[in-house]
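Notes follow once the structure below has been shown.
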Amino acid sequence: MDLDALYQEIILDHYRNPHHAGLRDPFESEVHHVNPTCGDEVTLRVHLNEDGTVGDVSYDAEGCSISQASASVMTDLVIGRPLSEALDTHAAFLELMQGKGQVEPDEDVLEDGIAFAGVAKFPARVKCALLSWMAFKDAAVQAQGEPA
Amino acid sequence: MSAGALLPDLEVIRKDFPILERTLEGGFPLVYLDSANTSQKPQVVIDAMVDHLERHNANIARAMHQLGAESTEAFEGARDKVATFLNAPSRDEVIFTKNASEALNLVARTFPLGPGDRVVITEMEHHSNIVPWQLACERSGASLDWFGIAEDGTLDLSRIDELLSPGTKVVALTWVSNMLGTINPVAEIARRAHEIGAVVVLDASQAAPHLPVDVQAVDADFVAFTGHKVTGPTGIGVLWGRTELLNALPPFLGGGEMIATVSMEKSTWAPIPHKFEAGTPPIVEAVGLGAAIDYISHVGLDAIHAHEVAITAHLLDGLASVSGVRVLGPLDAAHRGGAVSFELAGVHPHDVAQLLDSRGIAVRAGHHCAKPAHKRFGVQSSTRASSYLYTTPAEIDALIDGLEYTKNYFKVG
């Protein structure tokens with residue numbers, strides 16, 4: 001079993017020093033997602049700027065290294081980007097995670113997110129990696145519905 | 001009964017379980033420490049099920065042919081074995097279900113409750129002995145209350161006078177906690193519950209594999225357990241209940257085999273146990289469960305329990321030697337079960353389990369279907385190692401080495 005393929009140094013770095021962690025104001029939507037099989041949880045807030053870019057994503061997450069690192073990488077990838085681009089990145093990450101290890105990740109799109117390619121080969125851990133991404137999409141859609 | 005002693009013929013017993021020969025990725029031999037989740041199966045159980053399917057398969061109770069008679073005999077023979085295993089006064093009190101959850105749901109769904117009634121459970125229940133009672137209370141207007149957990153992982157009995165007072169109709173609790181390993185004083189609680197006219201429902205899912213379960217000695221009213229944790233197959237569980245109580249309850253599921261007669265206007269019910277066994281039951285699973293009960297009874301539940309105590313003592317000693325480990329639950333092996341949940345500082349249980357799995361060691365990580373008990377100790381999840389009659393001290397040593405490897409990998413402590 002190739003543990004180092006799962007626990008890439010990039011993932012462990014993000015796990016030890018998560019980016020954008022903590023809950024902040026302002027925000028238009030807040031969601032709470034759980035992984036019912038293991039109990040991992042994330043509370044996540046999204047703030048959209050008036051120009052349609054993602055102003056901030058803040059979160060309070062409890063979970064394993066994979067889920068924590070994934071939240072950190074996700075915020076790096078979506079904050080400051082137009083929401084439509086952020087959702088495209090979400091789709092690319094989802095495709096990578098559901099690809100059973102057969103999908104070649106695009107580093108230009110996913111940046112540090114390509115480190116999760118190995119996770120796709122561990123079916124039990126895919127949900128860990130997706131938890132914060134799913135929460136982001138949910139919160140972003142809700143925030144979009146809010147009048148600015 | 002609480003003195004620890006390894007099974008003298010442990011190596012012979014291990015040979016009864018073909019899966020223990022497996023090696024996993026990287027050439028690591030399987031170290032199976034997830035028996036509280038499901039136990040492994042001895043060859044005799046596998047053979048009994050294969051033999052039934054190869055030679056005796058037919059539906060039961062209704063087939064007017066030789067195979068039907070053989071299959072019925074095998075199925076009902078399993079009921080006899082369960083009745084003996086539980087020291088049940090009558091074989092008709094043994095109801096086959098698909099698992100312990102269904103057995104507990106059967107009682108929660110059919111037991112008469114109403115506004116003003118109270119159901120008492122405990123904070124250390126598996127979700128399968130919490131959720132059915134929440135549903136029953138929502139449906140009936142009864143209230144739900146519970147025993148808490150003391151800091152040492154034992155049941156907090158400080159509110160017993162208040163909880164076991166008139167108005168309480170059902171006291172449902174686990175005999176042995178699947179997360180903390182706590183063995184609860186079920187006979188004493190049954191005595192107190194009966195003083196106020198409440199019935200006692202015991203979840204024996206973790207007790208039946210490891211302890212002699214005598215429904216008369218503990219004076220229970222209902223007892224549930226599942227086949228797959230006592231070396232039997234999945235897909236079969238047991239509800240035992242007192243005859244007079246089972247007779248008074250309405251049916252749970254309606255369908256074939258549970259009726260006396262059916263007309264288009266109304267139906268009448270078969271006597272117990274069939275009243276509660278609608279439809280074709282898990283026949284080959286019952287045969288497998290019967291073989292499993294024969295197997296563990298042959299080894300002896302007292303001997304199995306002594307083995308569990310010895311292995312658990314070794315496990316607790318080993319865990320105490322690993323800095324950063326915090327065990328959740330009682331620390332005296334003589335007074336607890338063999339499922340040991342723990343935290344490892346700085347490493348999430350998922351990651352602990354992943355690292356151990358890479359060395360062939362199977363444990364469980366998560367909330368073990370006991371979220372309230374985890375919350376009680378301020379943790380979201382834990383790693384759980386659980387043993388059975390085939391577990392060796394060397395496997396425990398492999399786990400302890402694996403934890404040091406895990407700490408090293410994640411550069412903690």
Which residues, taken from the range A:25-46, are hydroxyl-bearing (Ser, Thr, Tyr) and surrounded by 23 or more Cβ atoms within 10 Å (Cβ to Cβ)? none
How many residues are of a type outside the set (A, V, I, L, M, F, W, C), within 14 Å of another protein chain (Cβ to nearest Cβ) and either under 11 Å from the mean Cα position of the chain (by Cα) or open to solvent by 30 Å² or more (accessible area, probe 1.4 Å) (or both) if we restrict to the range A:47-90? 5
Leading residue by the ranking (farthest from B:Gly148 (Cα to Cα)) among those in the range B:377-387 that are away from chain A (no Cβ under 14 Å) and in contact with a Gly (Cβ under 7 Å, 6 or more places away or on another chain): B:Ser387
Collect the residues in the range A:1-46 that are within 11 Å of another protein chain (Cβ to nearest Cβ) and basic (Lys, Arg), keeping them in residue-number order. A:Arg16
Evaluate the range A:125-137: report whether one residue or more is among the basic types (Lys, Arg), part of a helix (DSSP H, G or I) and at pLDDT 95 or above. yes
Can you give me the number of residues within the range B:364-375 that are open to solvent by 10 Å² or more (accessible area, probe 1.4 Å), more than 7 Å from chain A (Cβ to nearest Cβ) and not in a strand (DSSP E or B)? 3
Within the range B:388-413, the residues that are within 14 Å of chain A (Cβ to nearest Cβ) and not in a loop (DSSP other than H, G, I, E, B) are B:Gly402, B:Tyr405, B:Thr406, B:Lys407, B:Asn408, B:Tyr409
Can you tell me which residue within the range B:164-185, out of those that are surrounded by fewer than 23 Cβ atoms within 10 Å (Cβ to Cβ) and in contact with a Phe, Trp or Tyr (Cβ under 8 Å, 6 or more places away or on another chain), is nearest to B:Leu104 (Cα to Cα)? B:Lys169
Sole miss for B:Gly329 among (1) more than 14 Å from every other protein chain (Cβ to nearest Cβ); (2) open to solvent by 30 Å² or more (accessible area, probe 1.4 Å); (3) of a type in the set (Gly, Ala, Ser) is condition (2)
Only listed residue being at pLDDT 95 or above, surrounded by fewer than 22 Cβ atoms within 10 Å (Cβ to Cβ), touching a Lys or Arg at 6+ places or on another chain (Cβ under 8 Å) and not aliphatic (A, V, I, L, M), chosen from B:Asp294, B:Asp302, B:Asp317: B:Asp294
Residue among B:Ala69, B:Ala3 that is modelled with pLDDT under 95 and part of a loop (DSSP other than H, G, I, E, B): B:Ala3
Return yes when B:Ile189 is surrounded by 16 or more Cβ atoms within 10 Å (Cβ to Cβ), at pLDDT below 95 and out of contact with any His (no Cβ under 8 Å at 6 or more places or on another chain) and no when it is not. no
Enumeration of residues in the range B:208-229 that are out of contact with any His (no Cβ under 9 Å at 6 or more places or on another chain) and over 27 Å from B:Glu162 (Cα atoms): B:Ala208, B:Pro209, B:Val213, B:Asp214, B:Phe225, B:Thr226, B:Gly227, B:His228, B:Lys229
Quick check: is even one residue across the range B:135-147 surrounded by 15 or more Cβ atoms within 10 Å (Cβ to Cβ), aliphatic (A, V, I, L, M), over 26 Å from B:Pro273 (Cα atoms) and within 16 Å of the chain's Cα centre (by Cα)? no
Can you find, within the range A:102-148, the residue that is farthest from the chain's Cα centre (by Cα) among those that are small (Gly, Ala, Ser) and either surrounded by fewer than 19 Cβ atoms within 10 Å (Cβ to Cβ) or more than 25 Å from A:Glu28 (Cβ to Cβ) (or both)? A:Ala148
Checked B:Ala207, B:Ala286 against criteria (in the same structural domain as B:Glu73 (by TED's automatic domain parsing), open to solvent by less than 10 Å² (accessible area, probe 1.4 Å) and farther than 30 Å from B:Arg55 by Cβ); the one match is B:Ala207
Give the range A:1-24 a look and list any residue that's of a type in the set (D, E, K, R) and at pLDDT below 95, or say none. A:Asp2, A:Asp4, A:Glu9, A:Asp13, A:Arg16
Output the number of residues of the range B:344-363 satisfying the condition of being more than 10 Å from chain A (Cβ to nearest Cβ), buried (at least 20 other Cβ atoms within 10 Å of the Cβ) and either among the charged types (D, E, K, R) or more than 24 Å from B:Leu20 (Cβ to Cβ) (or both). 1
Verdict on B:Asp34 being crowded, with 17+ Cβ neighbours inside 10 Å, within 14 Å of chain A (Cβ to nearest Cβ) and either under 18 Å from B:Leu301 (Cα atoms) or among the acidic types (Asp, Glu) (or both): yes
Using the structure shown, decide if B:Ala61 is on the phi > 0 side of the Ramachandran plot and out of contact with any Lys or Arg (no Cβ under 6 Å at 6 or more places or on another chain). yes
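The values are calculated or read from the model by the stated rules, or taken from the named source; none is laboratory data. Remember, it's a predicted structure, so these values are computed and weren't measured experimentally. With ideal geometry, Cβ positions are generated from the backbone for all residues, glycine too; neighbour counts draw on all protein chains shown. Only protein heavy atoms, including side chains, enter the accessible area calculation; ligands, DNA and RNA are left aside. Shrake-Rupley method; radii C 1.70, N 1.55, O 1.52, S 1.80 Å.
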